[in-house]
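A.B. asks: Attaching a single structure in structure tokens format; questions to follow.
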Amino acid sequence: MKPKGFAVAAPVAALAFGAALAGYAAEGTQWAYEGPKGPEHWSEIKSEFAACGAGREQSPIDLQRTHAAEPEKIEISWQAFEPEVVNNGHTIQANAPAGSYTAFDGKRYDLLQLHFHHKSEHTLDGEQLPMEAHFVHKSAEGDLLVLGVFLVPGRTNGALETILDSAPQSRGSQSAEAAVDLRSLVPDDSAIFRYAGSLTTPPCSEIVSWIIYDRPVEVSPVQIAAFARLYPNNFRPTQPTNRRFVLFGF
Ligand SMILES: [Zn+2]
């Protein structure tokens, strides 16, 4: 085991900060979603990625509405902001300035960034949905809380529109011209799934409290196509649930 601080610092640097652009360039060539550097081979690429193969609490997983429970309340406290939008070679990511957070289970998690997968990483009763948004948060202790939202074809979403409009077509970053209210990318009145898992990208660290919303949010078919033009396939396949309980409820 590595010291916890190290295990946390690496993925967060890779996920979160525009300042780590040199890191993105190096990271971007190390692993992929297809071919010899694809998900089946992540654990062989370097020893730091061992959890991708040997971990027993990996993400994503298939979600089933079985273990009814009353999950702790989630209190989202996000401010509208003009994000730095990064194309990091694996996804489009909107970095959040300090100040937005989510309270869950008696703990505060600061919002770091939002990014997208096409198609979805988690599946619902075996069904893969068109897209999934991940809102990545981190506590002062270094644990991650990720809120996952399924995106399905429907009406245009303004926040996603601003992010896509600002997204560099190749690797790089750009400031958005307008503020986004990310709450519009989270469903109201939705049941949630809750389970303990991992990052869905190398190093696959098992430090993530996952909350996945049951109800999807609508975005337009044109928006889905615009993202898919950049990243047609940036999802990790589902992993074994093993001995974990997935709680489901309001
Ligand atoms: Zn993700």
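The values are calculated or read from the model by the stated rules, or taken from the named source; none is laboratory data. If you're wondering where the values come from, they're calculated on a predicted model, not measured in any experiment. In this analysis, Cβ positions are derived from the backbone assuming ideal geometry, glycine residues included, and neighbour counts consider all displayed protein chains. Heads up: the accessible areas ignore ligands, DNA and RNA and are worked out on the full protein's heavy atoms, side chains in. Shrake-Rupley method; radii C 1.70, N 1.55, O 1.52, S 1.80 Å.
A.B. asks: In segment 191-218, how many residues are more than 12 Å from the ligand (Cβ to nearest atom), hydroxyl-bearing (Ser, Thr, Tyr) and either over 16 Å from Met131 (Cα atoms) or not in a strand (DSSP E or B) (or both)?
C.D. replies: Of the residues in segment 191-218, 3 are more than 12 Å from the ligand (Cβ to nearest atom), hydroxyl-bearing (Ser, Thr, Tyr) and either over 16 Å from Met131 (Cα atoms) or not in a strand (DSSP E or B) (or both).
A.B. asks: Something else: Between Arg108, Arg65, which is outside any strand (DSSP E or B) and surrounded by fewer than 19 Cβ atoms within 10 Å (Cβ to Cβ)?
C.D. replies: Arg65
A.B. asks: May I pose another question? Residue under question is Glu57, and the condition is that it be among the acidic types (Asp, Glu) and more than 19 Å from the chain's Cα centre (by Cα); does it hold?
C.D. replies: The answer is no for Glu57.
A.B. asks: Continuing with this model, one more query. Which count do you get for residues in segment 68-80 that are modelled with pLDDT under 95 and either assigned to a loop (DSSP other than H, G, I, E, B) or among the aromatic types (Phe, Trp, Tyr) (or both)?
C.D. replies: Within segment 68-80, residues that are modelled with pLDDT under 95 and either assigned to a loop (DSSP other than H, G, I, E, B) or among the aromatic types (Phe, Trp, Tyr) (or both) number 5.
A.B. asks: Answer yes if at least one residue in segment 86-95 is at pLDDT 95 or above and over 17 Å from the mean Cα position of the chain (by Cα), and no otherwise.
C.D. replies: No, segment 86-95 contains no residue that is at pLDDT 95 or above and over 17 Å from the mean Cα position of the chain (by Cα).
A.B. asks: Just wondering, is there one or more residues in segment 151-167 that are crowded, with 18+ Cβ neighbours inside 10 Å, within 15 Å of Asp214 (Cβ to Cβ) and in contact (Cβ under 8 Å) with a residue 60 or more places away in the chain?
C.D. replies: yes
A.B. asks: In addition: Counting only residues that are in contact with a helix residue (DSSP H, G or I) (Cβ under 7 Å, 6 or more places away or on another chain) and part of a strand (DSSP E or B), which one in segment 136-150 is nearest to Leu63 (Cα to Cα)?
C.D. replies: Val149
A.B. asks: Of all residues being in a strand (DSSP E or B), more than 20 Å from Ala226 (Cα to Cα) and open to solvent by less than 30 Å² (accessible area, probe 1.4 Å) in segment 81-102, which is farthest from the ligand (Cβ to nearest atom)? Just the residue, please.
C.D. replies: Phe81
A.B. asks: For segment 124-144, how many residues meet the condition of being touching a residue at least 60 places away in the same chain (Cβ under 8 Å), closer than 25 Å to Asp105 by Cβ and away from the ligand (no atom under 13 Å from the Cβ)?
C.D. replies: Total satisfying the criteria: 4.
A.B. asks: Could you please tell me which pairs satisfy a Cβ distance under 7 Å, a separation of 6+ or placement on different chains, a first residue in segment 192-205 that is more than 10 Å from Cys52 (Cβ to Cβ) and β-branched (Val, Ile, Thr), and a second residue that is away from the ligand (no atom under 13 Å from the Cβ) and not in a strand (DSSP E or B)?
C.D. replies: Ile192/Pro71; Ile192/Asp214
A.B. asks: May I ask you to say which residue of Val186, Val180 is touching a residue at least 24 places away in the same chain (Cβ under 8 Å), within 16 Å of the ligand (Cβ to nearest atom) and aliphatic (A, V, I, L, M)?
C.D. replies: Val186
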